[in-house]
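*Asks:* Could you have a look at this structure, given as structure tokens, before my questions?
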Amino acid sequence: MTKNSWTLITLAVALAVLYVFRFTDLGSRPRIQINVSSRPFMPNAGPDDVLPILFGFDQDLQLTALKVTPLSLLTNSATAADAKPVWQLKAKTVSEPVRGFHFGDAIGGMETVGGPPEKLIPGIGYRLELEAGKAKGAVSFTPQPALPSR
């Protein structure tokens with residue numbers, strides 16, 4: 001083969017590799033799609049209670065880590081590393097497969113880190129970060145008050 005043939009073969013292989021890693025999911029870490037919704041029914045709600053928040057996924061996941069942190073602590077880079085989560089769970093070994101959960105629920109196979117979940121404050125933004133093996137996902141949400149303001 002001539003030098004031009006080797007150059008064209010090398011260029012074709014390089015373009016193929018670039019295409020695979022740029023335009024497919026082969027070289028990327030899997031992402032978790034998280035849906036957040038509120039359930040607008042709380043008959044015994046107090047004035048500072050929030051509507052129940054439900055996190056859902058498009059498939060069953062065996063979670064390995066879960067953390068909910070106020071957005072105000074995450075936006076300041078000096079405190080982002082030290083931000084104290086309001087709710088944190090870590091898998092003992094492998095959690096039970098779940099397709100969704102409510103804020104503060106116990107998830108089988110996971111243990112609470114740093115105490116029970118703190119009460120959410122209406123109108124304050126929070127960020128949920130999840131891990132399920134190598135897959136990661138995050139979503140921001142703002143809890144709504146359970147009682148309408150008068």
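This table checks each residue for (1) within 22 Å of N35 (Cβ to Cβ); (2) assigned by TED's automatic domain parsing to the domain that holds S38; (3) at pLDDT 90 or above.
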residue	(1), (2), (3)
Q88	yes, yes, yes
T93	no, yes, no
F103	yes, yes, yes
K119	no, yes, yes
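*Asks:* Where the second residue is surrounded by 10 or more Cβ atoms within 10 Å (Cβ to Cβ) and at pLDDT 80 or above and the first is among the polar types (S, T, N, Q) and lies in the stretch 17-37, which pairs have Cβ atoms under 6 Å and are six or more apart or on separate chains?
*Replies:* Q33/D58; N35/G56; S37/L54
*Asks:* With respect to A16, determine if the residue is surrounded by 12 or more Cβ atoms within 10 Å (Cβ to Cβ), of a type in the set (G, A, S) and out of contact with any Cys (no Cβ under 9 Å at 6 or more places or on another chain).
*Replies:* Taking the combined requirement at face value, the residue does not satisfy it.
*Asks:* Starting from the stretch 112-139, take each residue that is farther than 21 Å from G46 by Cβ and list its partners that are β-branched (V, I, T) and at pLDDT below 90, counting only C-beta distances under 8 angstrom and pairs at least six apart or across chains.
*Replies:* Pairs found: L130/I32; A132/I32; A135/I32; K136/I32; G137/I32.
*Asks:* Can you name the condition, by its number, that V50 falls short on among (1) within 17 Å of the chain's Cα centre (by Cα); (2) surrounded by 13 or more Cβ atoms within 10 Å (Cβ to Cβ)?
*Replies:* Failed condition: (1).
The values are calculated or read from the model by the stated rules, or taken from the named source; none is laboratory data. What you see is a predicted model, and the numbers here were worked out from it, not measured in a lab. Cβ: placed from backbone, ideal geometry, glycine included. Neighbour counts: every protein chain shown.
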